[in-house]
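Q: The structure follows.
Just so it is clear, none of the values below were taken in a lab; they were calculated from the coordinates. Quantities reported herein were computed from a predicted structural model and do not represent experimental measurements. Note: ideal-geometry Cβ built from the backbone for every residue, glycine included; neighbour counts use all protein chains shown.
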Amino acid sequence: MHKRKIQDIIGENYIFASVLHYFGLKFYDYSDKTLEQVCKLKGLSVEKISQSFERAVNEDATPDFEQLNYPVELLVEYLKHAHHKFVKQRLPYIVDLIQACKSQDPYYDQVLKDLKFVLPLFIEDFIKHMYEEEDELFHYILLLNKATSGDVKMFNLFQSMDKYRLQEHALEHHIHEDEMAGIRRITANYNLINCNDLHIKVVYSELLRFEQELKTHAKIENELLFPLALQLEAKVKTIFKERVNLN
Ligand SMILES: [Fe+2]
Ligand SMILES: [Fe+2]
């Protein structure tokens, strides 16, 4: 690994480009240098970077749904952490990657122009979606959870229940899943056509990887979070009825 050129390392696995990015290295600035030369230049440890390459390959697997059988507070934390990673790590990296990408090929030149135009709009919508989830959905679910242990003033909760239509949100969330349709269209489904450009290959692979991450994220929300929330809501409604009957 030490003596290999950066372009060869990235060519072997495009994910390695994201690892270098987190170390502050843009792979396209050092394509012809070896990993050892770059590390010397930047005062970085070759071992550390190699270990991070290994970790990135292992981490890339999608999470096991069985293992995500968390209690609701932990599931919400897990999803919030994923949101944070999208905003602070994944999207800035993809934006950097695309901003710095140029092509002499008229087809890819147009693709890159279109991506540069569409990406900020996609990000704006996506961030809005995440903030709405955190401020409304997650907040409401945690409130329901507290209510099942009698930890919430019932009047406040009743108001929230009236305002927040969980069932509708669950359905809408299913429908609005396909946020990346526009990007998929621009890139012909992430299909590379006669492309030998490493930078473009990394861009396409990162967009595809991001789409897969988003799909997994939405699947966790649809298949784990919403059903749990609906169960909690039904439980709280039963508690309500029992209290009303007692009075
Ligand atoms: Fe989310
Ligand atoms: Fe979502």
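Q: Output the 0 to 90 degree angle, nearest 10, between the alpha-carbon long axis of helix 72-85 and the longest principal axis computed from the alpha carbons of the chain.
A: 30
Q: Sticking with this one: Comparing Val118, Val76, Val202, which has the greatest mean-square fluctuation in the GNM of the chain with Cα pairs linked when under 10 Å apart?
A: Of Val118, Val76, Val202, the Gaussian network model singles out Val118 as fluctuating most.
Q: Next question. Please give every one of the aspartates and glutamates within straight-line cross-link reach of Lys219, meaning a C-alpha to C-alpha distance under 14 Å, and leave out same-chain neighbours fewer than 8 residues apart.
A: Asp64, Glu66, Glu172, Glu177, Asp178, Glu179, Glu211
Q: Just want the answer: with Cβ charges of +1 for Lys and Arg and -1 for Asp and Glu, which residue in Ala170, Val236, His2 is farthest toward the dipole's positive end in the chain?
A: His2
Q: Continuing with this model, one more query. Quick one: dipole size for the range 127-235, taken about the Cα centre, charges +1 on Lys/Arg Cβ and -1 on Asp/Glu Cβ, in debye to the nearest 20.
A: Approximately 120 debye in magnitude.
Q: Within 11 Å, Cβ to Cβ, of Val76, how many net charges do the neighbouring residues add up to if Lys/Arg are +1 and Asp/Glu are -1?
A: Net of charged neighbours comes to -4.
Q: Which lysines have a Cα lying under 20 Å from the Cα of Lys241, excluding residues fewer than 8 positions away in the same chain?
A: Answer for Lys241, where 20 Å is the Cα cut-off: Lys146, Lys153, Lys163, listed by chain and number.
Q: Return one number: the angle in degrees, 0 to 90 and rounded to the nearest 10, between the long axis of the Cα atoms of helix 106-132 and the longest principal axis of the Cα atoms of the chain.
A: 30
Q: I would also like to ask the following. Of Lys48/Lys201; Lys85/Lys235; Lys116/Lys215, which pairs sit farther than 27 Å apart, going by alpha carbon to alpha carbon?
A: Among Lys48/Lys201; Lys85/Lys235; Lys116/Lys215, the Cα-Cα distance tops 27 Å for Lys85/Lys235.
Q: OK, next. Efficiency by 1/(1 + (r/R0)^6): what FRET value for Gln99 and Leu142, r their Cβ-Cβ distance, R0 = 30 Å, to the nearest 0.05?
A: Calculated value: 0.20.
Q: Mind checking the angle between helix 46-59 and the chain's longest principal axis? C-alpha axes, 0 to 90 degrees, to the nearest 10.
A: Around 50 degrees separate the two axes.
Q: Mind putting a number on the dipole of the chain about its Cα centre? Charges go on the C-beta only, +1 for Lys and Arg and -1 for Asp and Glu, and I need it in Debye to the nearest 20.
A: I would put it at about 500 debye.
Q: When the Cα atoms of the chain are enclosed in a convex hull and the volume is divided per residue, what value in Å³ results?
A: 140
Q: If the chain between Asn245 and Leu121 were fully stretched, how many nm would it gain, using 0.36 nm times the residue separation less the Cα-Cα distance?
A: Roughly 39.5 nm would be gained on extension.
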